[in-house]
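Engineer: Sharing a structure with you now.
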Amino acid sequence: MKLTVDLGRGLVLKNPVLLASGTCGYGLEFENFYPLSEIGGICTKGLSFESIKGNPTPRIVETSCGMINSIGLQNIGAKAFVSEKLPELREKDTAVIVNIFGYSLKEYIKVVKYLEQFEGIDGFEVNISCPNVKKGGIQFGTNPKMTASLVKELRKRTEKHLMVKLSPNVTDITEFAKVCELEGADSISLINTLLGMGVDIEKRDFLIKRKMGGFSGPAIKPVALRMVYQAVKSVKIPVIGIGGITNYKDALEFLLVGAKAVQIGTANFFNPKAGKEVVEGIKSFLEKKKINDINQWIGSIKDE
């Protein structure tokens with residue numbers, strides 16, 4: 001059974017299952033549940049150059065069929081990641097994709113230039129689409145000209161695989177997909193969280209301190225699936241599907257419409273073994289269908 005997928009620029013995954021940024025810490029935490037070697041790779045918690053404390057609490061709340069978070073991109077910073085996390089991650093037999101962000105073009109460039117020099121990082125996932133910070137990220141993800149400028153500048157500064165994570169909070173996802181491809185991105189991942197809100201009728205208050213946050217979980221899958229399909233049809237670079245994937249059937253749906261790989265996100269919170277189970281489920285399904293190469297399934301939907 002061949003499960004390997006090639007995302008370009010040397011990034012080949014042993015299977016098409018990644019753990020999504022912000023849902024698996026820095027990856028090492030999940031070794032408590034299964035060996036990281038059993039999945040295609042991990043996308044680390046978003047890294048800025050300097051450490052960030054994040055937003056005030058409450059900043060995460062469960063909703064029907066999902067959750068809302070406003071963590072605010074809390075992280076230990078690029079230098080601490082290199083000294084405290086990367087040495088051990090290098091020893092794991094899985095792809096390490098470092099999610100990065102900044103509040104300005106200069107900050108994005110600074111973190112990429114710093115991390116570019118270290119071995120053990122297989123690629124960067126550029127977060128231009130986080131809806132739970134007051135500045136930065138989201139403006140790059142909802143303005144095609146700013147997206148183009150950012151991707152163009154980062155492409156100049158790294159030889160590693162460059163993946164751009166797109167926001168669903170836009171009118172036309174294909175416009176942003178095309179811009180990323182044009183400016184040199186090796187792949188795109190989508191979708192990031194939708195902008196959501198929750199309120200408490202007893203307290204007459206908001207459930208999240210900052211009122212709004214990123215909505216994720218099973219409820220967003222139909223939206224994500226539609227956007228991934230649209231992106232696949234609009235560009236030639238690989239598309240990585242994210243959004244509401246909780247089991248192997250969900251993952252196979254994204255792959256069927258053309259996603260080259262998938263990321264498991266919110267499911268990691270209620271089932272930490274979801275990544276491993278999705279890989280096992282995909283393999284079992286393909287065996288039953290007598291398909292010996294995952295690439296024969298990818299994009300094979302009857303699309304006429």
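Engineer: Please compare each pair in 85/288; 156/221; 113/178; 45/273 to a cut-off of 28 Å on the Cα-Cα distance and tell me which ones are over it.
Structural biologist: Listed pairs above 28 Å: 85/288; 156/221.
Engineer: While we're on this one: Taking the Cβ of residue 194 as the centre, find all other residues whose Cβ is under 13 Å away and add up their charges (Lys, Arg: +1; Asp, Glu: -1).
Structural biologist: Details: positive: 221, 226; negative: none.
Result for the neighbourhood of residue 194: +2.
Engineer: Same structure, new question: Residue 28 label point, 7 Å along Cα→Cβ, cut-off 13 Å on backbone N: hits in region 81-101?
Structural biologist: In region 81-101, the label zone of residue 28 (backbone N under 13 Å from the point 7 Å along Cα→Cβ) covers 81-92.
Engineer: Roughly how many nanometres apart are two label points built 7 Å out from the Cα toward the Cβ at residue 37 and residue 62?
Structural biologist: Spacing of the two 7 Å Cα→Cβ label points: 3.5 nm.
Engineer: How would you classify region 1-90 from its alpha-carbon gyration tensor, with a ≥ b ≥ c the square roots of the eigenvalues: rounded for a/c under 1.5, else prolate if a/b is greater than b/c, otherwise oblate?
Structural biologist: The shape class here is oblate.
Engineer: Between beta-carbons, use under 10 Å as the cut-off and find the net charge around residue 281, counting Lys and Arg +1, Asp and Glu -1.
Structural biologist: Counting the neighbours of residue 281, the net charge comes to 0.
Engineer: Among rounded, prolate and oblate, which fits region 17-168 when a ≥ b ≥ c are the square roots of the eigenvalues of its C-alpha gyration tensor, a/c under 1.5 means rounded, and a/b larger than b/c means prolate?
Structural biologist: Cα axes put region 17-168 in the oblate bin.
Engineer: Considering only DSSP beta bridges where both residues belong to the chain, give the percentage that are antiparallel (nearest 5).
Structural biologist: 35 percent
Engineer: Tell me, 174, 147 in order of fewest to most beta-carbon neighbours within 10 Å?
Structural biologist: 174, 147
Engineer: If we count other beta carbons within 10 Å of each Cβ, what is the order of 302, 260, fewest first?
Structural biologist: Listed from fewest to most nearby Cβ atoms, that is 302, 260.
Engineer: Moving to a separate point now. Calculate how many DSSP beta bridges within region 1-155 are antiparallel, expressed in % of all such bridges and rounded to the nearest 5.
Structural biologist: 40 percent
Engineer: Once you order the gyration tensor axes a ≥ b ≥ c over the Cα atoms, which shape class does region 146-304 get: rounded for a/c under 1.5, otherwise prolate or oblate by comparing a/b with b/c?
Structural biologist: oblate
Engineer: Could you pull out which residues in region 229-260 have an amide N less than 17 Å from a spot 7 Å beyond the Cα of residue 175, following the Cα-Cβ vector?
Structural biologist: 230-231, 234-235
Engineer: Also, quick follow-up: How high is the relative contact order of region 1-109, in percent, with contacts defined as C-alpha pairs under 8 Å that are six or more residues apart?
Structural biologist: 28 percent
Engineer: With a Förster radius of 45 Å, plug the Cβ-Cβ distance of residue 200 and residue 84 into 1/(1 + (r/R0)^6) and report the FRET value to the nearest 0.05.
Structural biologist: With a Förster radius of 45 Å, E is 0.75.
Engineer: I want to check the label-to-label distance for residue 153 and residue 291. Put each point 7 Å from Cα in the C-beta direction and report it in nm to one decimal.
Structural biologist: A separation of 4.1 nm, rounded to one decimal place.
No lab work stands behind these numbers, since they all come straight from the coordinates. The model shown is predicted, which means the values in this text are computed figures rather than measured ones. Note: ideal-geometry Cβ built from the backbone for every residue, glycine included; neighbour counts use all protein chains shown.
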